[in-house]
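Report on the structure given below.
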Amino acid sequence: MNLNVKINQNTMSTIISVVSVTASLITALVAQWHSRKMRKIDIEESHYQDNIAFKRNLYMNYLKYTGTYLSKRDPNDKHLYQESYYQLLGYAPQDICSILIEINDDIDKKGSQCTVAKQKLPKVASLIKRELQSFD
């Protein structure tokens, strides 16, 4: 009878050892899987925030340089305006793009005092404001 008890104790010890190692391994695998998943979410969130910051910067630069150029009509400011205009065209939605193009056409007219462009700027500013609020 003692021999049977000893075999059962050895068997139990072996089972406990195997379960212990297996449980540790499963815990490590689950923790690693969770860590990778969280890292992927962090990277996606960071990319999304960087993208929003980039677009916000494009919109703000456009408004700043367009306003500066329309108020001063300095050729140096026109270069900055044109740069911000062409950068923004690739990222703005269609409703904003159409007004940006109209404003640019008004600015580029020979002999233009840009009064029409100045009148359209508040409209595009409100559309840009709405677009920026949609980022939040």
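Values quoted throughout were computed directly from the atomic coordinates according to the rules given, and no laboratory measurement underlies them. Just so you know, these numbers come straight off a predicted model, no measurement behind them. Using ideal geometry, Cβ is built from the backbone for each residue, glycine included, and neighbour counts are taken over all protein chains shown.
Listing for the model above:
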item: Some residue of region 70-87 being over 22 Å from residue 118 (Cα atoms), loosely packed, with under 12 Cβ neighbours inside 10 Å, of a type outside the set (A, V, I, L, M) and without any contact (Cβ under 8 Å) to a residue 12 or more places away in the chain; result: no
item: Flag for residue 99 being touching a helix residue (DSSP H, G or I) at 6+ places or on another chain (Cβ under 8 Å) and over 15 Å from residue 69 (Cβ atoms); result: yes
item: In region 57-85, the residues that are touching a helix residue (DSSP H, G or I) at 6+ places or on another chain (Cβ under 6 Å) and among the basic types (Lys, Arg); result: 78
item: Tally of residues being under 22 Å from the mean Cα position of the chain (by Cα) and over 16 Å from residue 90 (Cβ atoms) across region 61-78; result: 2
item: Close pairs from region 47-60: first in contact (Cβ under 8 Å) with a residue 12 or more places away in the chain, partner not in a helix (DSSP H, G or I) and not hydrophobic (A, V, I, L, M, F, W, C), Cβ under 8 Å, at least 6 apart; result: 55/91; 58/91
